[in-house]
Amino acid sequence: MKLNGRVVDLSERQVMTIINVTEDSFYDGSRTFTADEIERRAASAVEAGASIFDVGGYSSRPGADDVPMEEEWRRVDRGIAAVRRVAGDMPVSVDTFRGEVARRAVENFGDIIINDISAGEIDPSIVDVAARCGVPYIAMHMRGTPRTMQSMTGYEGGIVDAVYGYFEQRCAFLRERGVENIVLDPGFGFAKDLQQNYELMAGLHRICAMGYPVLVGVSRKSMIYRLTGATPAEALAGTAALNWEALRQGASILRVHDTREAADVVKMFGLYRTYCSAE
């Protein structure tokens, strides 16, 4: 993945730390609204092993309320500026589906990864921003919007086939529009029910074999805590288990709330993989 004039080697698994500049994200442990809170979280994540930051100002939890564009930008601006003060030139992505927010982020902070939960379907102008600015673009599979997505879980055939087919079409479109650095996010928890999330995890290797880096974000999601009868605060063990499986199937980036635990999983998997290769 090319960024800031250098190549981020995604053969080395990356830990992307979530910075939610929101007051309503589903996991309250990730909410950091003031500049001081963001700086403290970023500094702690650097020490714990983060390699990428993901800054968002619009909660994408199911049923989330809309946030006006200018308010989203104020949050993103505050978040990226705080991360830059602490983490210098570490890669940063902006978690937005709005082209204007992405454009301002790139213009104000240089090369920024665009992380779009809608793969350009909500606001197609974001694709042109990624192409024109030549920045990496994370395209996620979702139907509808955060408010409507969980009413849109009906798929003909299996969920893996649906996500695979979607990415085939969407990546062709993105390349035609000039986007060169594409990362895929299967969208766990987005327009997928509990069973579909696990079916997708079991078939993740097919998405990883498409020729693009794959980001997996399962951190503390309902596919864990609803199955175990817990809460998001009690879903760390399940997150670690699914992160290991995602790495085993070929994921390149883990998007997480808990940096140290994810970094530990990456280290353990790295050593484990050397012995698998030796066999």
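The values are calculated or read from the model by the stated rules, or taken from the named source; none is laboratory data. Every value quoted in this text rests on a predicted model; they were computed, and no experiment measured them. Cβ: placed from backbone, ideal geometry, glycine included. Neighbour counts: every protein chain shown. Just so you know, the surface numbers come from the protein's heavy atoms only, side chains and all, with ligands and any DNA or RNA stripped out. Shrake-Rupley method; radii C 1.70, N 1.55, O 1.52, S 1.80 Å.
Could you work out what % of the accessible surface of the chain is carbon and sulfur, using a 1.4 angstrom probe and leaving DNA, RNA and ligands out of the count? Walk me through the numbers on the way to the answer.
Details: 5700 of 11690 Å².
For the chain, the apolar C and S fraction of the accessible surface comes to 49 percent.
Compute the Rg/Rh shape ratio of segment 145-206: radius of gyration over Kirkwood radius, all on alpha-carbon atoms. Walk me through the numbers before you get to the answer.
Values: Rg = 12.6 Å, Rh = 12.6 Å.
Taking Rh as the inverse mean 1/r over Cα pairs, Rg/Rh reads 1.00.
Report the one residue of 246, 150, 186 whose Cα lies farthest in the direction of the positive end of the charge dipole of the chain (charges on C-beta: Lys and Arg +1, Asp and Glu -1; origin at the Cα centre).
The residue sitting farthest along the positive end of the dipole is 246.
Would you kindly work out the equivalent ellipsoid of segment 224-279 from its C-alpha gyration tensor and give its semi-axes, the square roots of five times the eigenvalues, largest first in whole Å?
Values: eigenvalues 116, 27, 16 Å².
Three semi-axes, in Å: 24, 12, 9.
Please identify the DSSP H helices in the chain that span no less than 27 Å along the helix axis (Cα) and have a mean Kyte-Doolittle hydropathy of -0.5 or more. Mind dumping the intermediate values first?
Numbers: long enough: 259-278 (29 Å, -0.01).
Span-like helices here: 259-278.
Which of the peptides 157-163, 127-133 is most tightly packed, and how do the rest follow, going by the mean number of other Cβ atoms within 10 Å of each residue?
Values: 157-163: 16.7, 127-133: 20.3.
The packing order, highest mean first, is 127-133, 157-163.
For segment 154-275, what is the convex hull volume of its Cα atoms per residue in Å³? Before the final figure, lay out the partial values.
Numbers: hull volume 14.0 nm³, N = 122.
Spread over its residues, the Cα hull of segment 154-275 gives 114 Å³ apiece.
Sort the following peptides by mean Cβ neighbour count (other Cβ atoms within 10 Å, averaged over residues), highest first: 105-112, 12-19, 259-266. The partial results should precede the final answer.
Values: 105-112: 18.1, 12-19: 23.6, 259-266: 20.2.
My ranking of the peptides, most packed first, is 12-19, 259-266, 105-112.
Given Cβ point charges of +1 (Lys, Arg) and -1 (Asp, Glu) and nothing else, what value in debye, to the nearest 20, does the dipole of the chain about its Cα centre take? Can you show the working numbers first?
On the way: 31 positive and 39 negative charges, 72 e Å.
For this selection, approximately 340 debye.
Just the accessible area per residue of the chain, please: how many Å² with a 1.4 Å probe? The partial results should precede the final answer.
Working: 11690 Å² over 279 residues.
Counting only protein heavy atoms, the per-residue value for the chain is 42 Å².
Any idea what the alpha-carbon Rg over 2.2 N^0.38 Å comes to for segment 86-222?
Numbers: Rg = 14.9 Å, N = 137, 2.2 N^0.38 = 14.3 Å.
So the Cα radius of gyration is 1.04 times the expected 2.2 N^0.38 Å.
Quick one: pull the percentage of alpha-carbon pairs in segment 203-250 with a separation above 11 Å.
Numbers: 735 of 1128 pairs.
The proportion of pairs with Cα distances above 11 Å equals 65 percent.
For residue 175 and residue 35 in one chain, what is 0.36 nm times their gap in residues minus the Cα-Cα distance, to one decimal in nm? If you can, show how the numbers build up before the last one.
On the way: separation 140, 0.36 × 140 = 50.40 nm, distance 3.67 nm.
Between residue 175 and residue 35, full extension yields an extra 46.7 nm.
Based on the mean of other Cβ atoms within 10 Å per residue, sort peptides 247-255, 208-216 so the most packed one is first.
247-255, 208-216
Taking the inverse of the average 1/r across all pairs of different Cα atoms in segment 62-153, what Kirkwood radius in Å do you get?
Details: mean 1/r = 0.0731 Å⁻¹.
With all distinct Cα pairs of segment 62-153 included, I get 13.7 Å.
Using a/c under 1.5 as the rounded threshold, could you call the chain rounded, prolate or oblate? The axes a ≥ b ≥ c are square roots of the C-alpha gyration tensor eigenvalues, and prolate needs a/b larger than b/c, oblate otherwise.
Values: a/c = 1.19, a/b = 1.11, b/c = 1.07.
Because its axes are fairly even, with a/c under 1.5, the chain counts as rounded.
Counting helices only, and only those DSSP H runs with n ≥ 4, report the 222 nm mean residue ellipticity of the chain as the sum of -39,500 (n - 2.57) divided by its residues, in deg cm²/dmol to the nearest 500.
Working: 10 runs with 125 residues, N = 279.
Taking each H run of at least 4 residues, the total per residue is -14000 deg cm²/dmol.
List every residue whose amide H lies under 5 Å from the amide H of residue 14, counting only residues 5 or more places away in sequence or on a different chain, with H placed 1.01 Å from N in the peptide plane.
The answer is 253, 254.
List the lysines whose Cα sits under 24 Å from the Cα of residue 221, skipping any in the same chain fewer than 8 residues away.
192, 267
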